[in-house]
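Participant: Pasting a structure here, questions to come.
The values are calculated or read from the model by the stated rules, or taken from the named source; none is laboratory data. All values reported here derive from a predicted model rather than from experimental measurement. Cβ placement follows ideal geometry from the backbone for every residue including glycine, while neighbour counts extend to all protein chains displayed.
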Amino acid sequence: MKQPYFIIDFDSTFTKVEALDLLCEIVLEDAPNKNEVLAEIQDITNRGMEGELDFRMSLDLRLNLLKPHKKDIAILSERLKAMVSESFQRNIDHIASQKDRVYVVSNGFKDFIIPVVENYGLKGEHVYANEFLYNEEGWVTGFNKEIPLSESGGKPKVIRDLDLSGDIYVIGDGYNDFEIRKAGYANKFYLFTENVERAKVMPNADHIAPTVDEILYELKMSRALSYPKNRINVLLLEGVHPDAVELFKEEGYNVEYLKTALTEEELCKKIKDVNIIGIRSKTHITEKVIASAKRLICIGAFCIGTNQIDLEACSKKGVTVFNAPYMNTRSVVELAIAEIIMLVRNLPDKSRAMHNGVWQKSAANANEVRGKKLGIIGYGNIGTQLSVLAEAMGLDVYYYDLVDRMPLGNATKCNSLNELLNKVDVVSLHVDGRPENEDIFGKAQFDQMKENSILINLGRGKVVNIADLKAALESGKLKGAAVDVFPKEPKSNDEPFESELMGLNNVILTPHIGGSTQEAQKNIGNFVPNKIIQYINTGGTFGSVNMPNVQLAPVQNAHRLLHIHRNVPNVLAQINSILADENMNITGQHLKTNEELGYVITDINKEYSQGLIDKMRDIEGTIWMRVLY
């Protein structure tokens with residue numbers, strides 16, 4: 001394909017700001033009426049950009065308000081060098097490689113534009129802009145009104161006089177950029193919205209481009225990112241913390257945010273074009289859902305567990321899953337401690353009586369937790385932290401786990417579940433929701449517990465047989481219980497809650513809020529998106545629950561190829577053979593495997609062809625292939 005010409009606007013396009021606005025800040029830095037003048041100049045700028053005000057009049061009005069000096073222009077140039085738009089900076093090598101076909105056409109001034117664009121490898125002689133007029137003392141007295149760009153409609157005249165032969169694409173944020181296309185001197189007008197969105201100009205755009213990456217991608221040209229971030233679709237469900245929404249938006253992704261969970265059928269329809277999905281515990285990512293997700297790259301579980309996700313189906317499709325195994329641990333533990341104290345003191349019944357107007361001041365059935373025996377079933381992240389805090393409060397801690405784990409502090413390990421149940425006054429469940437754990441705690445386990453003992457379940461709802469728990473409470477075998485998780489839970493706050501445990505004495509029922517504190521949700525809302533963004537940006541899978549874990553730094557001056565495959569022999573050899581045939585030099589390579597998958601990350605230092613990518617995708621056992629840069 002013949003390389004096109006690019007006509008690039010300067011203010012709010014190549015740079016993040018309107019240069020004259022920044023000049024105002026410099027000139028008026030100590031002026032007492034600074035804010036009023038700035039507001040007036042901003043209004044004049046906007047009216048000019050939206051085609052409501054003649055440009056020459058706009059320019060005259062702004063310069064008359066300012067009265068700058070040459071030294072102010074020099075300061076402006078230096079500041080603008082650090083204010084080039086992010087996606088232009090990211091792609092500047094690709095743009096500068098086309099410098100003979102890149103023109104900066106602006107209603108701004110050469111005096112500050114040329115130093116900036118030359119600093120980024122573009123040609124100063126390809127800058128077409130206005131020129132300041134100065135007096136002998138260096139004060140700006142006006143501008144050269146012979147230059148076409150000093151008046152409305154000037155940009156089309158400049159392009160006409162350039163008489164460029166070939167395809168011409170205009171990148172800009174204002175109506176005067178569209179005028180080039182309108183006059184028939186350009187093939188397309190890309191409305192650049194990275195810095196500012198001008199609603200009145202949008203209907204005139206051939207293509208709305210949030211970044212330069214989008215333009216280069218649409219034109220199938222070399223770029224810093226293989227896939228523009230504005231095309232990455234994120235679906236966040238179950239009201240995850242707003243910080244997650246902001247992090248993904250700041251990264252440039254398209255974000256849809258819902259406060260509810262979705263059924264399998266609803267999700268199958270919704271997920272078709274989604275690249276990233278974020279869920280909590282109520283949404284189930286099944287094999288059917290994965291099969292419906294044509295573009296899914298990554299799943300974020302904004303919680304500890306991942307039992308609601310079919311990890312095997314994800315692995316088969318190369319979908320990487322991240323969770324937050326530590327972020328809400330403290331919140332769950334604090335709730336467990338609080339509920340232990342409340343139940344040992346018999347506070348739920350006391351509180352209910354007070355609400356009914358009954359005063360029951362008595363020490364009957366009220367005890368201290370100090371000296372009581374706490375049994376923790378599941379000695380993982382939550383169980384161990386509960387162990388430490390409970391011991392600090394004077395409880396004797398016992399624990400049981402199928403995995404051989406070292407005790408913390410003075411906790412005592414039990415060799416069997418029955419051994420623990422026979423010893424302790426309070427049982428706290430912290431096991432995961434894998435299928436084999438369903439109904440593992442029922443009548444047989446309640447029969448083994450001591451009389452007047454207490455059950456805490458902040459783990460998974462399906463672990464406990466609810467009918468057996470109800471019977472144990474009603475018979476007096478248990479003094480009380482606290483349940484935060486249930487076999488069947490409402491999908492949103494609008495649905496009713498139903499349980500056999502409702503109305504029972506000394507029972508605390510909470511709506512799955514063990515990890516639902518502002519602190520925990522904020523931590524999770526930052527942790528999970530950062531893991532996903534790191535994966536998208538570098539290919540690093542460290543912390544993933546289903547992929548081989550690799551920690552990677554961003555690549556420098558190279559292209560990165562990511563290849564996920566079934567863990568079968570000879571894949572790496574085939575990849576390297578293809579690269580050798582294409583005369584590619586490998587600057588870095590990583591291979592990591594687990595029982596099912598292999599993950600190869602290869603950095604190469606020269607341009608790759610589509611043919612190379614196709615060959616790598618054709619390797620037997622390939623699940624997924626992605627070009628990162």
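Participant: Every residue in the range 478-499 that is surrounded by 12 or more Cβ atoms within 10 Å (Cβ to Cβ) and either part of a loop (DSSP other than H, G, I, E, B) or hydroxyl-bearing (S, T, Y) (or both), please.
Facilitator: Kept after step one, since they are surrounded by 12 or more Cβ atoms within 10 Å (Cβ to Cβ), are these residues of the range 478-499: 478-487, 489-492, 497, 499.
Residues satisfying the conditions are D484, V485, F486, P487, E489, P490, K491, S492, F497, S499.
Participant: Let me ask something additional. What pairs can you find where one residue is in the range 352-363 and outside the structural domain of L504 (by TED's automatic domain parsing), the other is assigned to a helix (DSSP H, G or I) and among the small types (G, A, S), and their Cβ atoms are less than 8 Å apart, with a gap of 6+ or different chains?
Facilitator: Nothing qualifies.
Participant: Mind listing whichever residues of the range 257-283 are acidic (D, E) and in contact (Cβ under 8 Å) with a residue 12 or more places away in the chain?
Facilitator: Answer for the range 257-283, where residues must be acidic (D, E) and in contact (Cβ under 8 Å) with a residue 12 or more places away in the chain: E264, D273.
Participant: I'd like to know if the range 108-128 contains one or more residues that are more than 23 Å from N176 (Cα to Cα) and over 38 Å from the mean Cα position of the chain (by Cα). Give the steps one after another, and end with the answer.
Facilitator: Keep residues of the range 108-128 that are more than 23 Å from N176 (Cα to Cα), which gives 115, 118-121.
Keeping just the survivors that are over 38 Å from the mean Cα position of the chain (by Cα) gives none.
Among the residues of the range 108-128, not one is more than 23 Å from N176 (Cα to Cα) and over 38 Å from the mean Cα position of the chain (by Cα), which makes the answer no.
Participant: Taking the range 202-227 on its own, how many of its residues are assigned by TED's automatic domain parsing to the domain that holds R47, buried (at least 19 other Cβ atoms within 10 Å of the Cβ), in contact with a Phe, Trp or Tyr (Cβ under 7 Å, 6 or more places away or on another chain) and not β-branched (V, I, T)?
Facilitator: Qualifying residue count for the region: 2.
Participant: If you don't mind, there's one more thing I want to ask. Given the conditions (1) outside the structural domain of R617 (by TED's automatic domain parsing); (2) free of Cβ contacts under 8 Å to residues at least 24 places away in the same chain; (3) surrounded by 13 or more Cβ atoms within 10 Å (Cβ to Cβ), report the number of the one that M547 does not fulfil.
Facilitator: Tallying (1) outside the structural domain of R617 (by TED's automatic domain parsing); (2) free of Cβ contacts under 8 Å to residues at least 24 places away in the same chain; (3) surrounded by 13 or more Cβ atoms within 10 Å (Cβ to Cβ), M547 fails exactly one: (2).
Participant: Which residue out of A199, A186 is small (G, A, S) and surrounded by 21 or more Cβ atoms within 10 Å (Cβ to Cβ)?
Facilitator: None of the others qualify; the one that does is A186.
Participant: Sticking with this one: If I go through the range 164-187 residue by residue, how many of them are modelled with pLDDT under 95 and at positive phi?
Facilitator: 1
Participant: Still on this structure: Out of all the residues in the range 587-605, which are of a type in the set (S, T, N, Q), surrounded by 15 or more Cβ atoms within 10 Å (Cβ to Cβ) and in contact with a Ser or Thr (Cβ under 7 Å, 6 or more places away or on another chain)?
Facilitator: Q589
Participant: Could I ask something else about it? Does at least one position in the range 228-241 carry a residue that is more than 30 Å from Q308 (Cβ to Cβ) and part of a helix (DSSP H, G or I)?
Facilitator: No.
Participant: Something else now. List pairs: first residue in the range 421-446 and free of Cβ contacts under 8 Å to residues at least 24 places away in the same chain, second residue in a helix (DSSP H, G or I) and among the hydrophobic types (A, V, I, L, M, F, W, C) anywhere in the structure, Cβ distance under 8 angstrom, at least six positions apart or on different chains.
Facilitator: I440/V463
Participant: Here's a follow-up. Name the single residue that is surrounded by the fewest Cβ atoms within 10 Å (Cβ to Cβ) among those in the range 133-149 being hydrophobic (A, V, I, L, M, F, W, C) and touching a residue at least 60 places away in the same chain (Cβ under 8 Å).
Facilitator: W139
Participant: Tell me, which strands (runs of 3 or more DSSP E) lie completely within the range 548-629 with 3 or more residues that are of a type in the set (A, V, I, L, M, F, W, C)? Please lay out each step first, then the result.
Facilitator: Numbers: elements: 559-566, 586-593, 597-604, 622-627.
In the range 548-629, the matching strands (runs of 3 or more DSSP E) lie at 559-566, 597-604, 622-627.
Participant: To continue, here is another question. If the requirement is being in contact (Cβ under 8 Å) with a residue 24 or more places away in the chain, of a type outside the set (D, E, K, R) and touching a Leu at 6+ places or on another chain (Cβ under 9 Å), which of these qualifies: V170, V196, V158, V212?
Facilitator: V158
Participant: Something else now. Looking at the range 18-55 only, could you name the residues that are charged (D, E, K, R) and touching a strand residue (DSSP E or B) at 6+ places or on another chain (Cβ under 9 Å)?
Facilitator: E18
Participant: Now for a different question. Name the one entry in K67, K123, K110, K34 that is in the same structural domain as F10 (by TED's automatic domain parsing), at pLDDT below 90, surrounded by 14 or more Cβ atoms within 10 Å (Cβ to Cβ) and basic (K, R).
Facilitator: Working: K67 fails: surrounded by 14 or more Cβ atoms within 10 Å (Cβ to Cβ); K123 fails: at pLDDT below 90; K110 fails: at pLDDT below 90.
Criteria check complete, one pass: K34.
Participant: Now for a separate question. Being at negative phi, modelled with pLDDT under 95 and under 27 Å from the mean Cα position of the chain (by Cα) narrows it down to one residue among Q589, Q610; which is it?
Facilitator: Values: Q610 fails: under 27 Å from the mean Cα position of the chain (by Cα).
Selected residue: Q589, the only one of Q589, Q610 that is at negative phi, modelled with pLDDT under 95 and under 27 Å from the mean Cα position of the chain (by Cα).
Participant: Among V369, V321, which is the only one that is of a type in the set (V, I, T) and more than 28 Å from the chain's Cα centre (by Cα)?
Facilitator: Just one listed residue meets the conditions, V369.
Participant: Does E78 satisfy being assigned by TED's automatic domain parsing to the domain that holds V116, surrounded by 18 or more Cβ atoms within 10 Å (Cβ to Cβ) and among the charged types (D, E, K, R)? Can you show your working first?
Facilitator: Values: assigned by TED's automatic domain parsing to the domain that holds V116: yes; surrounded by 18 or more Cβ atoms within 10 Å (Cβ to Cβ): no; among the charged types (D, E, K, R): yes.
Criteria not met by E78.
Participant: When you go through I524, I532 one by one, which is the residue that is out of contact with any Pro (no Cβ under 6 Å at 6 or more places or on another chain), closer than 26 Å to A224 by Cα and either acidic (D, E) or assigned to a helix (DSSP H, G or I) (or both)? Walk me through how you get there before you give the answer.
Facilitator: Details: I524 fails: closer than 26 Å to A224 by Cα.
So the residue among I524, I532 that is out of contact with any Pro (no Cβ under 6 Å at 6 or more places or on another chain), closer than 26 Å to A224 by Cα and either acidic (D, E) or assigned to a helix (DSSP H, G or I) (or both) is I532.
Participant: Can you tell me which residue in the range 283-306 is surrounded by the fewest Cβ atoms within 10 Å (Cβ to Cβ), limited to those that are assigned to a helix (DSSP H, G or I) and among the hydrophobic types (A, V, I, L, M, F, W, C)? Even if it seems obvious, please write down each step before you answer.
Facilitator: Initially, the range 283-306 is screened for residues assigned to a helix (DSSP H, G or I), giving 287-292.
Now narrow it down to the ones that are among the hydrophobic types (A, V, I, L, M, F, W, C): 289-291.
Numbers: V289: 25, I290: 21, A291: 13.
Per the stated criteria, the residue is A291.
Participant: Filter the range 550-576 down to the residues that are over 20 Å from K531 (Cα atoms) and in contact with a Leu (Cβ under 6 Å, 6 or more places away or on another chain) and list them by number.
Facilitator: N567, L572 - these are the residues of the range 550-576 that are over 20 Å from K531 (Cα atoms) and in contact with a Leu (Cβ under 6 Å, 6 or more places away or on another chain).
Participant: Still on this structure, I have one more. Determine if the range 256-266 includes at least one residue that is polar (S, T, N, Q) and closer than 30 Å to K462 by Cβ.
Facilitator: yes
Participant: Another question, if that's okay. Looking at (1) polar (S, T, N, Q); (2) at pLDDT below 95; (3) closer than 19 Å to I208 by Cβ, which is the only condition S152 fails?
Facilitator: (3)
Participant: Could you please give the count of residues in the range 311-332 that are aromatic (F, W, Y) and over 18 Å from V388 (Cα atoms)? Walk me through it before giving the result.
Facilitator: First, pick out the residues of the range 311-332 that are aromatic (F, W, Y): 322, 326.
From the residues that got through so far, the ones that are over 18 Å from V388 (Cα atoms) too are 322.
Qualifying residue count, the range 311-332: 1.
Participant: In the range 333-356, which residue that is modelled with pLDDT of 95 or more and among the small types (G, A, S) is nearest to I456 (Cα to Cα)?
Facilitator: Ranking the candidates gives A336 first.
Participant: A follow-up question, please. Which count do you get for residues in the range 365-422 that are within 25 Å of K477 (Cβ to Cβ), among the basic types (K, R) and surrounded by 13 or more Cβ atoms within 10 Å (Cβ to Cβ)?
Facilitator: Summing the residues that are within 25 Å of K477 (Cβ to Cβ), among the basic types (K, R) and surrounded by 13 or more Cβ atoms within 10 Å (Cβ to Cβ) in the range 365-422 gives 2.
Participant: Keeping to the range 248-259, report how many residues are crowded, with 20+ Cβ neighbours inside 10 Å and not in a loop (DSSP other than H, G, I, E, B).
Facilitator: 1
Participant: Further question on the same structure: Looking for whichever is closer than 16 Å to F14 by Cα and of a type in the set (F, W, Y) here; the options are Y190, Y185. Which one fits?
Facilitator: Step by step, each of Y190, Y185 is checked, and only Y190 is closer than 16 Å to F14 by Cα and of a type in the set (F, W, Y).
Participant: From the list I304, I285, which one is over 15 Å from the mean Cα position of the chain (by Cα), of a type in the set (V, I, T) and modelled with pLDDT under 95?
Facilitator: Selected residue: I304, the only one of I304, I285 that is over 15 Å from the mean Cα position of the chain (by Cα), of a type in the set (V, I, T) and modelled with pLDDT under 95.
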